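Remarks on the structure that follows.
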Amino acid sequence: MAAIADDLNAIVVTAASPDRRIEGRVESMHYITMRFRYDSYEQHYRHRDAESLAHQLGRGATLMAAAYQKARREVMLAHGFEWYSTLRPPFASRHREYLERGARLAAYGNSPEREIQVATVGLLDFDVSIAPDVLYRNGEREFLRLADSALTDLQADYRRVHAELRHELYGKCKDRQW
């Protein structure tokens with residue numbers, strides 16, 4: 001039987017934005033990539049408002065996160081870890097608090113000049129904002145580079161706030177990389 005860490009690292013999920021023009025891929029929660037399908041950036045988004053693109057990116061990220069959480073839950077169950085819910089909370093009060101507060105952890109990420117900003121709550125709900133002139137100033141490749149830097153910044157901030165929560169509740173993991 002494979003180790004749980006190997007199975008968690010092997011998780012790969014993809015999801016598309018609601019309009020199906022953007023596709024995202026998560027590999028073991030360490031690598032997040034996205035791409036525009038069907039030349040959508042130039043044909044659809046670039047000459048429209050940044051708000052609609054931000055909405056599609058935010059909803060796509062939310063769908064991707066939900067797919068990842070589902071796959072992760074399946075791995076955990078396959079290895080005998082119990083799945084908790086509001087109807088079946090964990091027995092230990094500290095673990096219950098960890099799950100409750102973890103679901104409300106907020107993290108933020110920005111591209112270098114704050115052209116693209118990403119916020120998340122509990123790594124399940126994502127909100128993206130894009131400066132209005134970004135689409136006109138940047139081609140697809142440059143836009144994806146800005147979006148990638150905002151996501152990388154978001155991941156770093158989430159790792160930081162998550163480590164702080166674990167340290168506060170369990171007295172460990174303060175400087176550990178996730």
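The values are calculated or read from the model by the stated rules, or taken from the named source; none is laboratory data. Being a predicted model, the structure only gives us computed values, none of them experimental. No Cβ is skipped: glycine too gets one built from the backbone with ideal geometry, and neighbour counts run over all protein chains shown. Quick note on the areas: whole protein, heavy atoms, side chains included, nothing else; ligands and nucleic acids left out. Shrake-Rupley method; radii C 1.70, N 1.55, O 1.52, S 1.80 Å.
Some values worked out for this structure:
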read-out	value
Debye log10 I(q)/I(0) for segment 88-176, one point scatterer per Cα, at q = 0.11 Å⁻¹	-0.41
Rounded FRET efficiency, nearest 0.05, which uses the C-beta distance separating ALA66 from ARG94 and R0 of 25 Å	0.40
Kirkwood hydrodynamic radius (C-alpha pairs) into Stokes-Einstein, segment 1-157, 10 °C and 1.306 mPa s, D in µm²/s	94
Contour excess over end-to-end distance, with Cα ends at TYR136 and GLU74 and 0.36 nm allotted per residue	18.1 nm
FRET efficiency for ARG25 and ILE4, using Cβ-Cβ distance with R0 set to 22 Å, rounded to 0.05	0.50
Label-point gap, in nm, between LEU144 and ARG37 - each point 7 angstrom along Cα→Cβ	1.5
Amide proton proximity set for LEU105, modelled H, under 5 Å, gap of 5+	GLY122
Segment 75-80 - phi-based ³J(HN,Hα) in whole Hz, Karplus 6.51/-1.76/1.60, Gly and Pro as x	5, 4, 5, 4, 9, x
Kirkwood Rh and Cα Rg combined as Rg/Rh, segment 54-123	1.07
GluC sites (Glu not before Pro), loop per DSSP, at most 10 other Cβ atoms within 10 Å - longest free stretch of the chain	1-81
For segment 112-127, 3J(HN,Hα) per residue [Karplus equation, 6.51 cos²θ - 1.76 cosθ + 1.60, θ = phi - 60°, Hz, x = Gly/Pro]	x, 9, 6, 5, 10, 10, 10, 10, 9, 10, x, 6, 10, 10, 10, 10
Rounded percent of accessible protein surface that carbon and sulfur make up, segment 9-154, 1.4 Å probe	52
Whole-number percent relative contact order across the chain, with pairs defined as alpha carbons under 8 Å at least 6 apart	20
Whole-Å distance, taken between Cα centres, linking segment 4-31 and segment 38-89	8
